Amino acid sequence: MDQPIAAYKEFIDSFVEIRPSVHSRWVKESDFGDLHENAHFNHLLVELTPEQREVLAELLQRSRDSGIHDALVQLDGYTLISPDGVSLPRKPFGYFMHYDWVLRREGEQWDEEDDFEDEDAV
């Protein structure tokens, strides 16, 4: 696999891996821990039905997704370099990073490497 393509895929997939919100999981499964600064959250959670917890957990996950999406939108205009010093291509599959992230988040597979197009190529 082409090194810049591999670095790009790894970069996008790293955001897919960090997607799950721990706060969303806590709302669904337990509480925010027995710390003074979390008492008001835990007080609210004990009042909620399981269905209400699911709705709140989804809201928190969507908020996290929005943050990841917006960060990738902002990064789209920058030249990104992998930790190995590889310059990541722009729109190698015809989409901006945030859209590639959405596709991968939803379980889409990467396009074949021969579909690669580097927007910065001369």
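Rule-based calculations on the coordinates, nothing more; no lab input. The structure presented is a predicted model; accordingly, all values stated were derived computationally and were not measured. Positions of Cβ are generated from backbone atoms using ideal geometry, with glycine treated the same way; all protein chains shown enter the neighbour counts.
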Non-local residues with an amide H under 5 Å from the amide H of Ser87, with H modelled 1.01 Å from N and Pro and chain starts lacking one, are Ser82
Could you tell me how many cubic angstrom of Cα convex hull volume the chain has per residue? 131 Å³
At 222 nm, what value in deg cm²/dmol follows for the chain if DSSP H runs of at least 4 each add -39500 (n - 2.57) and the sum is divided by all its residues, to the nearest 500? -17500 deg cm²/dmol
When only Cα pairs under 8 Å and 6 or more residues apart are kept, what is the percent relative contact order across the chain? 33 percent
Would you mind ranking Tyr78, Tyr95 so that the residue whose beta carbon has the fewest other beta carbons within 10 Å leads the list? Tyr78, Tyr95
Could you calculate the contour length gain from Arg62 to Ser14, that is, 0.36 nm times the residue separation minus the distance between their Cα atoms, to one decimal place in nm? 15.5 nm
